[in-house]
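Participant: Structure below; questions to follow.
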């Protein structure tokens, strides 16, 4: 076996990242279900009261950014691990990100 290939295959950091990719993929699926529940509750709240629930808006924005951070990490577009290894996305960051699209 080529020495370079062996070095790549035995690199601890790559295997550790693979473990975190599996972990964050599991977290992503659970967080996706939570986000779906938020969407359903927000829709129901809007139907019943005629207004959006600000608490659900804030948490929905934060969770959406968190899911995006997970996707960046597992696709190797980001090296920093998402929460709980990094800070949870703040509402201010979420509001800023949401306002950039308008």
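A short reminder: the numbers here are calculations on the coordinates, not readings from a lab. All of these numbers come straight from a predicted model, not from anything done at the bench. Note that each Cβ is placed from the backbone with ideal geometry, even for glycine, and that neighbours are counted across all protein chains shown.
Participant: At q = 0.18 Å⁻¹, what log₁₀ I(q)/I(0) does the chain have when each alpha carbon counts as one equal point scatterer in the Debye sum?
Facilitator: Treating every Cα as an identical point scatterer, log10 I(q)/I(0) equals -0.91.
Participant: Using 1/(1 + (r/R0)^6) with R0 = 35 angstrom and r between the beta carbons of residue 57 and residue 19, what's the FRET efficiency to the nearest 0.05? Don't skip to the answer; put the middle values down first.
Facilitator: Details: r = 34 Å, r/R0 = 0.98.
Approximately 0.55, to the nearest 0.05.
Participant: Quick one: compute the contact order of the range 3-100, relative version, from alpha carbon pairs under 8 angstrom and 6+ residues apart, as a percent. Walk me through the intermediate numbers first.
Facilitator: Details: 56 pairs, mean separation 24.1, N = 98.
Relative CO of the range 3-100 lands at 25 percent.
Participant: Against the longest alpha carbon principal axis of the chain, how many degrees, from 0 to 90 and to the nearest 10, is the axis of helix 12-49 turned?
Facilitator: Long axis of 12-49 versus the principal axis of the chain: about 10 degrees.
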